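The next block holds one structure in the form of C-alpha cells; read it before the comments.
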Amino acid sequence: MAKEAQQQVSYTVEELVAVNPYNPDILADLENYVNEQVSSQKYSLDANLCLLRLYQFEPERMSTPIVARILIKALMAMPAQDFSLCLFLIPEQVQTEEQFKTLIVLSHYLETARFRLFWDEVAKNRSLLESVPGFQQAIEAYAVHVLSLTYQKVPRAVLAEAINKEGLALDQFLEYHVANSGWAIEKSQGRSQLIVLPPNEFNHPELKKNASDSVSFEHVTRIFPVLS
Amino acid sequence: MAAYDADSSAGGDLAYDPNFVPDSVKTFVVHLYRQIREKNVYEIHQMYEGSFNRLTDRMFRESPWPTAEAVAPYVDGDHVFCLLYREMWFRHVYARLTPTPKQRVESWDNYCSLFGVVLHGVVNMQLPNQWLWDMVDEFVYQFQSYCQYRAKLKNKTEEELQLLRHFDQAWNVYGVLNYLQALVEKSNIIQILEREKEGLEQFTALDGYDYQGGSNVLKMLGYYSMIGLLRVHCLLGDYRTGLKCMAPIDLSQQGVYTNVIGSNISTIYHYGFANLMLRRYGDAIREFNKMLLYILKYKQYHQKSPQYDQILKKNEQMYALLAVCLSLCPQQKLVDENVSTQLKEKYNDKMTKMQRYDDEASTVYDELFSYGCPKFITPSAPVLDEPLTNYNQEAYRLQLKMFLFEVKQQQLLAGIRSFLKIYSTITVTKLAQFMDVDEATLRTILMTYKHKMHSTDNDGKIISNADIYFYVDDDTVHVVEAKPTKRFGDYFLRQILKFEEMNSELEKVQLD
C-alpha cells in the first residue's frame, strides 16, 4: 500500500513540473522528490532543475543538503552534462561552500578523465557520497563509456584505474561484461591483458562514415505525395 | 534624456502636456481604432509600423505620446484599445526616453490587464503578427530591464526604495513566467502545431491568421510566448528548460517564427546560445550560420525599419558567438562561404588566439562571450536592508565563470588536435613526448577529447561534434581521415520537391 502511495506521489510531481512549474507551493514536494530519487535510485533532471529554479527565485528557502544531493545525482548522470546545468542555477557564494567545492572538483576530474585523482578524492569524502546509493556503479558506467569512445583495445591497467577495481573484483567485473556486454580479452605483448571493447561508431570511425549519408525517415515522407 | 512622469504636469519640461492631443494624433487613433474594429490587418500594420513611427519622429522624439486617458474620448473610451495604446506608449518611453520607476510599475500593470483580457478569451481582433511579437518581446525586455534596475541598489533614493518595497509584486519572476505559460496553454498552440503536423489544421500556411471571422491574438501570443519562455530561461541560466519550451516548433523548417524578422533572430540567437552552453557546438554553429546568412541576404530590406539597429546588434553578437563555437569545435564545413568570409574579417586574429588555449586565449574567450551573451538576470526580489550594493552583474559573472571553466578544461585539446592532424598512427609514448606530458596524462587527454567532443541529446543519445576521428589500440593511436561526405540523399530530396513545385506551377498555366 505504501509503495502504491509512493508511486502516486512521484507521478504527481512529474506532472506538476510539466504543467505548473513556476509555482512556489510545489517546493516541498520537489524536495521530497529529491530524497525519493536518492533512496529509490531514480532520477529526474527536469524536476531537479525546477527546484533549483525555485531556489533561485527565493534564495532564503534554499536547502544546501538538498542541493548537494541534486549535484551528486547529476554527477551520476554523466556523460550527460547535468552537473553543469545545475551549477548554472546555483549562486557563486553557495558554490564556494566546502561540500560544493568538493563536488566541483570531483566533476572536474571526471570531465577531464582524471580517474585516479577522482577515486582518491572520493576516498577522502566517503560520508558525502555513500549517502547516495548507486554512486559507485554510475561512475563505473561513465568510465566504461569514455573508454568505449576512445579504445578498441584497452590495457587492463588503464581500465583498472578508471573503474577503481583491482585483482579479484576486476576479474569479476570483466567476467560479467564478457558474458553480457560483448567484451573480449586478449593478451598483448608481455603478460598484461587487453580488453577488447565492442565496436561502435566512435571507436570504429569507419562505421560512422556509412551512417553519414543516411536520410531521416521524416524527410523521405515529404516526397510521398510526389511518388504517388 | 529627461524622464517624464505621466502624472505630474508641473515639474520637468513645461512643453510637454500629457493631456494635449495634437490633431495628427487624433486622426491616428481614430483611424487605428476603426481599422482594428474592421479587422483590416494590412492597414493596421501600415499604421502600426509606418504612421506611429513617422509621428514619433516628427513630434515625440523627446517626449512621450499623449496619455491613453487623453485619447480615450476619440475612441469611444474602448478599454481594450486603451490597453493596446498604453502598451505602445510605454514601449516608446523605453525606446526613446528613460522610464521612471513609477512608469516601470505602471507598464507591468498594463501588461497584466492586457494579458488578462486576452486570456479571458474575449478579444475578437486580428492584429498583425509584428505587433503581437513586439508585445511579447517587449514584455520580456522590460522584465529584464527591471531586474537590472532593481539590482542596482547603491545609489537609489529613499523614494525609489520605498517604491520597490511597496510595489514588490511588479515584474516578479513568477508572474512573468506564469503569464507566458498561461498564454501558451490557453491558446492551445502546442496542440495546434501537433495537429498541423498530422494535416488536421492549417496554421503556418495561414501565418497564424484566422480567415473565418475569429481572432489570431491569443493564438499568436501563445506562439510567441514559447520564444519568450526560451529567452527568459536563457536569462536565468536554465538552458535545458528553455530549449524544451521551444520543442513544439520545428526549427529545421520555415515556420511562423521566420515571418517576423525580430522573432526569427531572437529565436535562433537564443537557441544557438543555449546549445553553446549545452556543449552542442555543432547545432549552435549550424543555427548561427543559418541566421547570419539570412541577415546577410535580407538586411537591406529592413534598413528603414525601427528594428534595424537591433538586427545589426544581434548580427554582431552572433558572429562573436560563432567565433567562440568554432574555436572550441573546429567544424568549418558547417559554415557557409559568405558567412565564413565575414567571420574572418571580423575575428581572424581572435580565433587564432583562442585556438592557442593559453592565458591570452582565455582573455579573448572572455571578451567574445561577454559581448555575445544575453543580459543575464537575478530573478529574486532585492533585499532592501543595509548595506545596499549593486549586484546586477552577479548573474552574468556566474555564467561567464562557468563558461571559462569549461574552456579551461578543454585547454589541452588544441595540442592534441595539431598532432593528430599530421599523424595517421602514433604511439602513446611518442605522442606524450611531443606534448611534454607523461603517458598517463596523455591517455587522459585523449579521453577528455572524446568526452568533450561528444554531447548527449535530450534522449540520451550520443552526438559527435568531433573534427578528428581516432581510436586507441592498446598503446597506439590510429587517426582516420574524415573524408568530406557528399549528401546525395538530401540533395535529391530537395530537387524532387523543387521540380514537383515547378511542375504544378506549370500545370496551372492555361494556354489559350
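Just checking the listed ones, A:R114, A:R126, A:R69: in the Gaussian network model of chain A with Cα springs under 10 Å, the one fluctuating most is A:R126. Roughly what angle does helix B:359-372 make with the longest principal axis of chain B, taking Cα atoms, 0 to 90 degrees, to the nearest 10? The two axes meet at around 30 degrees. For chain B, the mean residue ellipticity at 222 nm estimated from helices alone is -19500 deg cm²/dmol, where every DSSP H run of n ≥ 4 contributes -39500 (n - 2.57) and the total is divided by all residues, rounded to the nearest 500.
Would you mind calculating the relative contact order of chain A from Cα pairs under 8 angstrom and at least 6 residues apart, reporting the percent as a whole number? Relative contact order here is 13 percent. Give the share of C-alpha pairs in each 5 angstrom bin for chain A, from 0 to the last occupied bin, in whole percents, shortest bins first. Calculated P(r), rounded to whole percents: 1, 6, 12, 13, 14, 12, 11, 11, 9, 6, 3, 1, 1, 0. Note on the stretch B:361-467: with charges restricted to the Cβ of Lys and Arg (+1) and Asp and Glu (-1), its dipole about the Cα centre is near 480 debye.
Here the relative contact order of chain B, from alpha carbon pairs under 8 Å that lie six or more residues apart, stands at 12 percent.
Note: relative contact order over the stretch B:312-430, using C-alpha pairs below 8 Å and six or more positions apart, is 29 percent. Quick one: check the C-alpha center-to-center distance for the stretch A:65-113 versus the stretch B:369-429, whole angstrom. Using only Cα atoms to place each centre, the spacing works out to 15 Å.
The share of C-alpha pairs in the stretch B:331-387 whose separation exceeds 19 Å stands at 53 percent.
Using the Karplus relation 6.51 cos²θ - 1.76 cosθ + 1.60 with θ = phi - 60°, the per-residue 3J(HN,Hα) values for the stretch B:57-68 come to 4, 6, 10, 10, 5, 10, 9, x, 5, x, 5, 4 Hz, with x marking Gly and Pro. Relative protection proxy for B:384-395, B:368-379, from highest mean packing down: B:368-379, B:384-395 (other beta-carbon atoms within 10 angstrom).
Taking a 30 Å limit on the Cα-Cα distance, which of the listed pairs B:K304/B:K508; B:K290/B:K461; B:K297/B:K350; B:K375/B:K452; B:K39/B:K297 fall beyond it? Long pairs (Cα-Cα over 30 Å): B:K304/B:K508; B:K39/B:K297.
For the stretch B:120-131, 3J(HN,Hα) computed residue by residue from phi via the Karplus equation (6.51, -1.76, 1.60; θ = phi - 60°) reads 6, x, 9, 7, 10, 8, 10, 10, x, 4, 4, 5 Hz, glycine and proline entered as x. The length gained on full extension between B:E360 and B:K154, counted as 0.36 nm times the residue separation minus their Cα-Cα distance, comes to 70.8 nm. Close amide H partners of B:Y469, meaning residues 5 or more places away or on another chain with modelled amide H under 5 Å apart, are B:V480, B:A482. The dipole here belongs to the protein assembly as shown: it is taken about the Cα centre, uses +1 on the Cβ of Lys and Arg and -1 on the Cβ of Asp and Glu, and is about 1580 debye.
Both radii come from the Cα set of chain B: Rg as radius of gyration, Rh as Kirkwood radius; their ratio Rg/Rh reads 1.02.
From its DSSP helices (H runs of at least four residues, each -39,500 (n - 2.57)), chain A gives a residue-normalised ellipticity at 222 nm of -19500 deg cm²/dmol. Look at the stretch A:49-56: the mean tally of other chain Cβ atoms within 10 Å of its residues' Cβ atoms is 4. In this structure, the amide hydrogen of A:L194, modeled 1.01 Å from its nitrogen in the peptide plane, lies closer than 5 angstrom to those of A:E186, A:K187, A:S188, counting only residues at least 5 positions away or on a different chain.
Take the convex hull of the alpha carbons in the stretch B:73-125; its mean projected area over all directions comes to 4.2 nm².
Selection among A:Q93, B:N392, B:A466 by position relative to the dipole of the protein assembly as shown gives B:A466 as farthest towards the positive end (Cβ unit charges, Cα centre). Comparing A:V19, A:V196, A:V144 in a Gaussian network model of chain A, where Cα atoms under 10 Å apart are tied by springs, the biggest mean-square fluctuation is seen for A:V19.
Amide H to amide H, with H built 1.01 Å from N, B:V477 comes under 5 Å of B:I426, B:T427, B:V428, counting only residues 5 or more places away or on other chains.
Among B:T441, B:M354, B:Q144, pick out the residue whose Cα is farthest towards the positive end of the charge dipole of chain B, where Lys and Arg carry +1 and Asp and Glu carry -1 on C-beta, about the Cα centre. Checked the options; the winner is B:T441. Compute a Gaussian network model of chain A, connecting alpha carbons closer than 10 Å, and tell me which residue from A:E58, A:E121, A:E31 fluctuates the most. The residue with the greatest mean-square fluctuation here is A:E58. Where the alpha-carbon atoms of the protein assembly as shown are placed on the principal axes, they occupy 97, 83, 62 Å, in descending order.
Rounded to the nearest 20, the size of the Cβ-charge dipole of the stretch B:188-332 about its Cα centre is 460 debye, with Lys and Arg at +1 and Asp and Glu at -1.
Would the stretch B:371-512 count as rounded, prolate or oblate if I go by the C-alpha gyration tensor, calling it rounded below 1.5 in a/c and otherwise prolate when a/b exceeds b/c, oblate otherwise? Oblate, since a/c reaches 1.5 and b/c is not below a/b. Of the residues B:P18, B:V480, B:Y257, the one whose Cα sits farthest towards the positive end of the charge dipole of the protein assembly as shown is B:V480 (charges of +1 on Lys and Arg Cβ, -1 on Asp and Glu Cβ, taken about the Cα centre).
Partner shielding of B:471-479 amounts to 6, given as the average count of beta-carbon atoms from other chains within 10 Å of each residue beta-carbon. Working note: Cα gyration tensor of the stretch A:1-133, eigenvalues times five, square-rooted, sorted largest first, giving semi-axes of 26, 17, 13 Å. With a 10 Å cut-off around each Cβ of B:430-440, the average count of Cβ atoms from other chains is 1. The HN-Hα couplings worked out from phi for the stretch B:466-474 by the Karplus form 6.51 cos²θ - 1.76 cosθ + 1.60 (θ = phi - 60°) are 5, 9, 10, 9, 8, 9, 10, 10, 6 Hz, whole numbers, x standing for Gly and Pro.
Coordinate-derived values only; no laboratory data. Values in this document were obtained by computation on a predicted structure and should not be read as measured data. Cβ coordinates were reconstructed from backbone atoms using ideal geometry, including for glycine residues, and neighbour counts include every protein chain displayed.
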